[in-house]
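First comes the structure, then the notes that go with it.
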Amino acid sequence: MAFRGAPDILFSRMGFDDSHTVDRYVRTGGYEALPIALKRSPEELVEEVKISGLRGRGGAGFSAGMKWSFLPADIFPRYLVVNGDEGEPATFKDHQLIERDPHQLIEGTAIAAYALKCSLAFLYIRGEFALGLERLTQAVAEAYARGHLGRDIFRSGFELDIVVHAGAGAYICGEETALLDSLEGHRGEPRIRPPFPAVKGLYQKPTVVNNVETLSNLPWIVKHGGAAYAALGNDKSTGTRIWSLSGHVNRPGNYETELATVTFRDLFFDPELGGGIRGGDEVKAFVPGGASAPWFGPDQLDCPLDLDEVQRRGSMLGSGSVVVMNEHTCAVRAAWRITKFFAHESCGKCTPCREGGSWLEKVLKRIELGAGREEDLDLLLDVCDNLAPGLSWPPGQTTICVLGPSIPSSIYTSIRMFRDEYLTHVKEGGCPFR
Amino acid sequence: MARLDPERVQRATEIVARYPSRRSALLPLLHLAQEQDGHVGEDAMEHIAELLDLTPAEVVGTASFYTMFKREPIGTYLVSVCTNIACLIDGGFELLEHAEHSLGVRPDGTTVDGLFTLEEVECLAHCDKAPCLQVNYRFFGSVTPDDFDRLCDDLRSRRLERDVPRHGVLNRDTRPHPMSAARDGT
């Protein structure tokens, strides 16, 4: 059982060393949901997913059923693209779902493809996941061999091909329109919307892009019903979710819990989850939902893991990755390293992101190395404000995608929380933590 | 280096058939070239351009966007050390520094024996095992300096050949896609 009696919806097979094999999958209830789904109409399945309240697990948290219903009714072919290009710093859940339970992802993909009436789906997998790519390729071949993919699946007349496609090292390809450009064989640069992918996506055809974790929920939802899923969590954050917990906790790892009923304090301190802060140290700050998310301080420890509540408090649960920093962590160094990431991963298409990111990185670096000036703090905030006007969350938009406006998050929140620490770097001519 | 060999041209043809548009096969074919030569050379890119009805400039322009495609020869083993936020907290920079001293190269440098290329990379999604690294995209977690030196010794003495193939070999399951068989009615 997952935490506090909630069902293991996503991680039910993690106790088995052979969780990735078709034998183990079938022996633990696998490929039972797909024939159930195929006996229902696609429209009923879309409705079931709407009832479940399932929201996208890639970062934006958009309603999955709603996203599906944006597809125009009579335009074919249409495509399903699975986003397995996990790259948000400190997120490692899709990595585990792909490597350890590839058949669950394939079954979820097949259910979604049937609901969306598409016969070709692409699994875009991060190129660095060599083992995941091998296991997924193997699993797809096994699914074909057993008649779960290909023609006339479970004698329903439904036909589906799934192609595993390896990325090649570009964080931006996790952004859904950049991913589509990459899948079409181009540089991964985001597209201007509208048109949205639901109308003109892959090859200018209606396309749904869903995250790996999102689709891995579907076998359970089909078997147990959308209402059972919606009974978990609260009215807007339903079901369970995987938290990628890292940093200064005793037990870093992926943990599946019910949404909204667990707080950050539970996640960090419960003996079954994070198990407390190493060495009994204090929480100085934490990243609540990926490197793009504004930081929280210890005053937010009792905030529930609820998408809307976290947003109301000025940040996001994003990709579900939580990084805990103890009081010995240098806030400047942490913010600099996160900014260095964004500067490296900017695709270069939009000026504020391409130029702003790299200049912010340079200024943070000189402060950390002891060559900063007091006026650098205002300079940082000014450049941040040019990237994300108003410095709040969700950020003001100045670029085609949200990568650029996400860069300021760690910078302005760390300056607000730890201004004295920044000034100490300037006054002492170096990092006080080193 | 070389154009794609006949066996890989055959695999390229099969890969192209998986997609509604030829150009979609560009990244897979670049991976194929890297599998053959350990990097993506100019001759291979020209060959890929021919196979996909693209110009060589379109192929290079796309390949250069992606950090995994190495357009110059590199070592047999690409050692990628993460220093992003979770690894920073657990000694990723110290590990990188140790790797530099131990191998005697700076990031993006290759050892004189041509065995190792070192690089600093962004988050590898292995953060519960920080600090982590990859060798030819195979994961190693919670790596101490001693672990690092042992790992390099194991690689030098070819003790890890089963787990870590040479650079460029990504997905070892290279069978034709079952879809082609299904569509042929076989």
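The values are calculated or read from the model by the stated rules, or taken from the named source; none is laboratory data. No experiment lies behind these values; they were computed from the predicted model shown. When we count neighbours, we look across all protein chains shown, and the Cβ atoms used for this are built from the backbone with ideal geometry, even at glycine. Accessible surface areas use protein heavy atoms only, side chains included; no ligands, DNA or RNA. Shrake-Rupley method; radii C 1.70, N 1.55, O 1.52, S 1.80 Å.
Assorted remarks:
- R0 of 25 Å, Cβ-Cβ distance B:Arg159-B:His101: FRET efficiency to nearest 0.05: 0.65
- Heavy-atom surface analysis with a 1.4 Å probe gives the protein assembly as shown a carbon and sulfur content of 51 percent of its accessible area.
- In units of the compact-protein estimate 2.2 N^0.38 Å, region A:84-199 shows a Cα radius of gyration of 1.10.
- Modelled label positions at B:Glu94 and A:Asp152, each set 7 Å beyond Cα in the direction of Cβ, lie 6.3 nm from each other.
- Axis angle, to the nearest 10 degrees, between helix A:102-116 and the longest C-alpha principal axis of chain A: 70 degrees.
- Pairwise FRET efficiency - A:Leu423 versus A:Thr351, Cβ, R0 = 35 Å, nearest 0.05: 0.70
- Taking amide hydrogens as placed 1.01 Å from N in the peptide plane, the amide H of A:Arg55 sits under 5 Å from those of A:Ala64, A:Thr238, each at least 5 positions away in sequence or on another chain.
- Counted over chain A, the DSSP beta bridges are approximately 45% antiparallel.
- Chain A: angle of helix A:408-417 to the longest principal axis, Cα-based, in degrees nearest 10: 50 degrees
- Estimated D of region A:126-185 in µm² per second, where Rh is the Kirkwood radius over Cα pairs and Stokes-Einstein applies at 37 °C, 0.692 mPa s: 251 µm²/s
- For region B:43-186: rounded, prolate or oblate by the Cα gyration tensor [a/c cutoff 1.5]: prolate
- Put simply, the amide H of A:Val164, placed in the peptide plane, has neighbours under 5 Å in A:Leu123, leaving out anything fewer than 5 places away on its chain.
- Considering only alpha-carbon pairs that sit under 8 angstrom and 6 or more positions apart, the relative contact order computed for chain B is 22 percent.
- Interface B-A: total buried accessible area of about 4700 Å², 1.4 Å probe, protein heavy atoms only.
- Accessible area expressed per residue, chain A, with surrounding protein chains retained (probe 1.4 Å, Å²): 34 Å²
- Between helix A:130-145 and chain A: long-axis angle, C-alpha atoms, 0 to 90°, nearest 10: 10 degrees
- Buried on assembly, region A:57-90 (at least 20 Å² less accessible surface than by itself, 1.4 Å probe): A:Pro89, A:Ala90
- Distance between the 7 Å Cα→Cβ label points at B:Thr13 and B:Glu50: 1.4 nm.
- Restricting the trypsin sites (Lys or Arg not before Pro) of region A:386-427 to loop positions (DSSP other than H, G, I, E, B) with no more than 14 neighbouring Cβ atoms within 10 Å leaves nothing.
- Cα-based equivalent ellipsoid of region A:148-286: semi-axis lengths in Å, sorted from largest, via gyration tensor: 35, 23, 15
- Choice from A:Gly276, A:Gly59, A:Gly185 with maximal GNM fluctuation in chain A (Cα, 10 Å cutoff): A:Gly185
- Cα-based Rg of region A:223-368 normalised by 2.2 N^0.38 Å, two decimals: 1.17
- Global form of region A:279-357, assessed from the alpha-carbon gyration tensor, a/c cut-off 1.5: oblate
- Largest-first ellipsoid semi-axes for region A:195-273, taking √(5λ) over the Cα gyration tensor eigenvalues, angstrom: 31, 18, 11
- The mean number of partner chain beta-carbon atoms within 10 angstrom of a residue's beta-carbon across peptide A:167-178 is 3.
- Sequence-distant residues sharing a close amide H with A:Arg78 (under 5 Å, placed H): A:Ser119
- Mean residue ellipticity (222 nm) of chain A, computed from DSSP H runs ≥ 4 via -39,500 (n - 2.57), nearest 500: -11500 deg cm²/dmol
- Karplus-derived 3J(HN,Hα), 6.51/-1.76/1.60, for each residue of region B:78-86, Hz, glycine and proline x: 8, 9, 10, 9, 7, 10, 5, 3, 5
- In terms of its alpha-carbon gyration tensor, region A:296-434 comes out oblate; a/c meets the 1.5 threshold, while b/c is at least as large as a/b.
- When the other protein chains are added to the chain by itself, burial of at least 40 square angstrom of heavy-atom accessible area (probe 1.4 Å, ligands and nucleic acids ignored) affects these residues of region A:140-160: A:Tyr144, A:Arg151.
- One chain, two ends: A:Glu43 and A:Glu375. Fully extended at 0.36 nm per residue, the span grows by 113.6 nm beyond their Cα-Cα distance.
- Within region B:18-77, none of the chymotrypsin sites (Phe, Trp or Tyr not before Pro) combine a DSSP coil assignment with at most 13 other C-beta atoms in a 10 angstrom radius.
- Integer Hz, Karplus 6.51/-1.76/1.60 couplings in order for region A:25-42, x for Gly and Pro: 4, 5, 5, 10, x, x, 6, 8, 6, 4, x, 5, 4, 5, 7, 9, 8, x
- Stokes-Einstein D (µm²/s) once Rh is taken as the Kirkwood radius of chain A over alpha-carbon pairs, at 25 °C in 0.890 mPa s: 110 µm²/s
- Threshold 40 Å², region B:101-148 residues less accessible with all protein chains present than alone (1.4 Å probe): B:Glu122, B:Cys123, B:Ala125, B:Cys127, B:Asp128, B:Phe139
- In region B:135-175, inverting the average of 1/r over every pair of distinct C-alpha atoms gives 11.3 Å as the Kirkwood radius.
- Within region B:50-183, antiparallel bridges make up roughly 55 percent of the DSSP beta bridges whose residues both belong there.
- Sparse-neighbourhood loop sites, trypsin sites (Lys or Arg not before Pro) in region A:206-307 - DSSP loop, at most 16 other Cβ within 10 angstrom: A:Lys236
- Per-residue ³J(HN,Hα) for region B:32-45, Karplus 6.51 cos²θ - 1.76 cosθ + 1.60, θ = phi - 60°, Hz, x for Gly and Pro: 5, 5, 5, 4, 5, 10, x, 8, 9, x, 5, 4, 5, 5
- DSSP-defined beta bridges in region A:244-361 - what % are antiparallel, rounded to 5: 70 percent
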